[in-house]
Amino acid sequence: MTPPTLTTWVRVCALADLAVERGAAALVDGEQLALVRLVDGTVLAVQQLDPFCGSHVLARGIVGSRTVDGASVPTLSSPMYKQVFDLRTGACLDAVGRVPLDGLAADLRTWAVRVVDGGVEVSP
């Protein structure tokens, strides 16, 4: 039997610090994240590094939505070459004819996020 694992959470900011449908950068355990607060108050976190240009710019991306398998999903478009990523899973939905830089995956890393007592916490 596998013992239960404990999840640690790191408080990164207040929910009020995040503008709706705008990204914000955060540094957690030495890694840059792009935090996005959706209209419904949900906060999602993906890697800040854009795998197609190699720059830490995704918090400056454009928040939108796309229909995937019949459901609307929140998306983030890169401010550099406009690749579109699913904010929930980090999956690259549209590579816009490009390939990621050598050694980088097209999909983004994601982090679990929760809001507790008005604070945004990320599980590193």
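Loop exposure criterion: chymotrypsin sites (Phe, Trp or Tyr not before Pro), DSSP state outside H, G, I, E and B, at most 15 other Cβ atoms within 10 Å. Applied to the chain, the longest stretch between such sites is 10-80. Given that just one value was derived from the coordinates, which of (i) 0.98; (ii) 1.01; (iii) 1.17 is Rg/Rh (Cα atoms, Kirkwood Rh)? Given (i) 0.98; (ii) 1.01; (iii) 1.17, the calculated one carries the label (i). Reducing the stretch 3-46 and the stretch 48-84 to their Cα centroids gives an inter-centroid distance of 16 Å.
Highest mobility in the GNM of the chain, judged by mean-square fluctuation with C-alpha springs under 10 Å and restricted to G64, G54, G103, is found for G103. Full extension of the chain between R88 and Q32 yields a length gain of 18.4 nm, computed as 0.36 nm times the residue separation minus the alpha carbon distance.
The simple spin-label model puts a point 7 Å past each Cα toward its Cβ; for V99 and R22 those points are separated by 3.8 nm.
I'd like to check one number: the per residue accessible area of the chain, probe 1.4 Å, reported in Å² as a whole number.
On the way: 6980 Å² over 124 residues.
Value returned for the chain: 56 Å² of accessible area per residue.
For the stretch 50-60, backbone phi angles converted through the Karplus equation (6.51, -1.76, 1.60; θ = phi - 60°) give residue-by-residue couplings of 7, x, 8, 10, x, 10, 8, 10, 5, 5, 9 Hz, Gly and Pro being listed as x. Evaluating 6.51 cos²θ - 1.76 cosθ + 1.60 at θ = phi - 60° for every residue in the stretch 63-79, the Karplus couplings come out as 8, x, 8, 9, 8, 10, 6, x, 10, 7, 10, x, 10, 10, 9, 4, x Hz, glycine and proline recorded as x. Give the residue from L6, L108, S72 lying farthest towards the positive end of the charge dipole for the chain; charges sit on Cβ (+1 for Lys and Arg, -1 for Asp and Glu) and the dipole is referred to the Cα centre. Farthest along the dipole direction, towards plus: S72.
At an R0 of 25 angstrom, the distance between the Cβ atoms of R114 and I62 translates into a FRET efficiency of 0.50. To put it simply, the accessible area of the chain at a 1.4 Å probe is 50 percent carbon and sulfur.
The values are calculated or read from the model by the stated rules, or taken from the named source; none is laboratory data. Every value quoted in this text rests on a predicted model; they were computed, and no experiment measured them. Here Cβ is always computed from backbone atoms with ideal geometry, including for glycine, and neighbour counts include all displayed protein chains. Remember, those area values only see protein heavy atoms, side chains included, never the ligands or the DNA or RNA. Shrake-Rupley method; radii C 1.70, N 1.55, O 1.52, S 1.80 Å.
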